[in-house]
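Novice: My structure is below; once you've seen it, I'll send some questions.
The values are calculated or read from the model by the stated rules, or taken from the named source; none is laboratory data. Because the structure is predicted, anything quoted here is derived from the model rather than measured. All Cβ positions, glycine included, derive from the backbone under ideal geometry; neighbour counts span all protein chains shown. Keep in mind that these areas ignore ligands, DNA and RNA; they rest on the heavy atoms of the full protein, side chains included. Shrake-Rupley method; radii C 1.70, N 1.55, O 1.52, S 1.80 Å.
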Amino acid sequence: MRVKMILPALTEASSPFFRPIKYSLFPPLGLATLAGYLDPDDEVTLTDEHVQKVDVSDEPDLVVIQVYITSARRAYELADHYRAKGAHVCLGGLHVTSLPDEAAAHADTIFCGPGEDTWPRFLADLRAGRPAPRYDSSERTLAGLPPVRRDLIDRRRYLVPNSIVVSRGCPHVCDFCYKEAFFEGGKSFYTQTVDAALAEIDRLPGRHLYFLDDHLFGNARFAGALFDGMRGMGRLWQAAGTVQSVLRPGVLEKAVESGLRSLFVGFETVNAGNLKEQRKWQNIDRDYGQVIRRLHDHGVMVNGSFVFGMDQDDPSVFGRTVEWAVGQGIETATFHIMTPYPGTRLYARMVKEGRILHSDWDRYDTRTVVFEPARMTAAQLEDGYWRAYRDFYRWRNIARGAATKPTLRGKARHAAYAGGWKKFEPAWDVVIRAKRAGAALPLLESVLSGFGARPAGARAGRPAAGRGERPGGDTPVTIAETRLS
């Protein structure tokens, strides 16, 4: 059987002028995982449209397309093309699960939820000549997961080819997150066995890893055992975790000992009203300043994630957020405009309140306002979002952030990482178009290897100093407001 797997390009990734490095960070791991279930004699190709063109002149028997909201238009275009050529077309992913009826109009078979249980069933049905039009996931386990087909991935095209996922979902229930809709009908957070995760890590060459898990620390027992198993491997790795997980004693220390050097942290907002409204319970009454100090004291770089446009936000939120983030010495920041995705509680509430402006999915990109904000205009929200990015990554603010580091080496590392990430996008474009993004990996490893050592005099877990930095108070600019862009 001839199988073609496609990750269509997100709308915002298709600019002909320049390509930010974020669209060439990670290979399409989900599709490569599904490819592991195919028979050895199946002919399979995997195309990531973010880094290569889709050859539409071929004649596959089966086409599998992963759909995100801002790639839906392109995904449907490709699906319609291959259906017209007689291929059996499958669509799955976050957007398909949220709007299955919309997706079904462009597919022979759709998949709702994760595919570990439904994909093998579909393959058996297809070979028997009776594939169903829809498969809904209900059994949630990663037991017996086949090895990821990394042989289908051109490592040279990605800055971070060693991406890995060892769990599914997240134990939390934030209203703006797709997760609850995607995992409806079964467990919404589950992990591999530690032995299976370590075996997958062993298969990866080089030193660097990036865990793409929504919340690597979501099961503290699993995370601790995984980090114990990784100790001594000589790895340098990055991941995402919550405010709550950073403050939990013990696990962070094990992570650092096993090679953690950078953590993506969802601060989202420090306004208690926003946190309660979005059911971000895990951030309420947490000291954000202590989170950053704890990470920095352990030599871990911080990528802070912030969301603008929650109902308690007014036009002052942008400047206050940037000022706090710079003053805390956060190395990189990712900003988002709150986006009500179909299938989320946030979307349902916005529809009920009549605040959704349109359903042009191309514009649901977290950079464009698609709803009516409560305390500012749509123009103010969008302008403030772009201003926050410009201001945080101004050279003078990069220098201010670097100045918070106690050593000259630490200051240089901060400037190199923050400046290299956003200030040299034209240079990244040249590297990407030359299909050499992977050539920059040694530079990334070199920067990350400089982290991990505690600054002189630092003591992990020390109490917060100075004025309170907990969300929800009336403290001024010294506290943050909110969530690799």
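Novice: Which one of GLY354, GLY289 is farther than 24 Å from SER262 by Cα and either open to solvent by less than 40 Å² (accessible area, probe 1.4 Å) or in a loop (DSSP other than H, G, I, E, B) (or both)?
Specialist: Step by step, each of GLY354, GLY289 is checked, and only GLY354 is farther than 24 Å from SER262 by Cα and either open to solvent by less than 40 Å² (accessible area, probe 1.4 Å) or in a loop (DSSP other than H, G, I, E, B) (or both).
Novice: Given the conditions (1) buried (at least 18 other Cβ atoms within 10 Å of the Cβ); (2) modelled with pLDDT of 95 or more; (3) part of a loop (DSSP other than H, G, I, E, B), which single one is not true for HIS50?
Specialist: The single condition HIS50 does not satisfy is (2).
Novice: Condition (residue is hydrophobic (A, V, I, L, M, F, W, C), over 20 Å from the mean Cα position of the chain (by Cα) and either in a loop (DSSP other than H, G, I, E, B) or farther than 17 Å from LEU7 by Cα (or both)) applied to the stretch 75-89: is it met by at least one residue?
Specialist: The answer is yes; a qualifying residue exists.
Novice: Quick one: would you say LEU198 is under 30 Å from ALA439 (Cβ atoms) and at pLDDT below 95?
Specialist: No, not satisfied.
Novice: Can you tell me which residue within the stretch 230-247, out of those that are part of a helix (DSSP H, G or I) and open to solvent by 10 Å² or more (accessible area, probe 1.4 Å), is nearest to ARG261 (Cα to Cα)?
Specialist: Residue satisfying both the conditions and the ranking: LEU247.
Novice: Can you find even one residue in the stretch 59-71 that is out of contact with any Cys (no Cβ under 8 Å at 6 or more places or on another chain), at pLDDT 95 or above, in a loop (DSSP other than H, G, I, E, B) and aliphatic (A, V, I, L, M)?
Specialist: Checked the stretch 59-71: at least one residue is out of contact with any Cys (no Cβ under 8 Å at 6 or more places or on another chain), at pLDDT 95 or above, in a loop (DSSP other than H, G, I, E, B) and aliphatic (A, V, I, L, M).
Novice: Checking LYS405 against (1) of a type outside the set (A, V, I, L, M); (2) at pLDDT 95 or above; (3) open to solvent by less than 50 Å² (accessible area, probe 1.4 Å), which single condition isn't satisfied?
Specialist: Answer for LYS405: the failing condition is (2).
Novice: Between residues in the stretch 406-418 that are outside the structural domain of THR332 (by the TED database) and residues that are modelled with pLDDT under 85, which pairs lie under 6 Å by C-beta distance while being six or more apart or on different chains?
Specialist: Between residues of the stretch 406-418 that are outside the structural domain of THR332 (by the TED database) and residues that are modelled with pLDDT under 85, there is no close pair.
Novice: Please state which of the following conditions TYR190 fails to meet, knowing it meets all the rest: (1) at pLDDT below 95; (2) part of a helix (DSSP H, G or I); (3) open to solvent by less than 20 Å² (accessible area, probe 1.4 Å).
Specialist: In the conditions (1) at pLDDT below 95; (2) part of a helix (DSSP H, G or I); (3) open to solvent by less than 20 Å² (accessible area, probe 1.4 Å), TYR190 misses (2) alone.
Novice: Here is a further query. What's the total number of residues in the stretch 373-389 that are in contact with a helix residue (DSSP H, G or I) (Cβ under 7 Å, 6 or more places away or on another chain) and open to solvent by 60 Å² or more (accessible area, probe 1.4 Å)?
Specialist: Total meeting the criteria: 1.
Novice: Right, next: Of the conditions (1) part of a loop (DSSP other than H, G, I, E, B); (2) at pLDDT below 90, PHE217 satisfies every one except a single condition; which number is it?
Specialist: For PHE217, the exception is condition (2).
Novice: May I ask you to say which residue of ALA197, ALA223, ALA181, ALA255 is within 29 Å of ASP136 (Cβ to Cβ) and open to solvent by less than 10 Å² (accessible area, probe 1.4 Å)?
Specialist: ALA197
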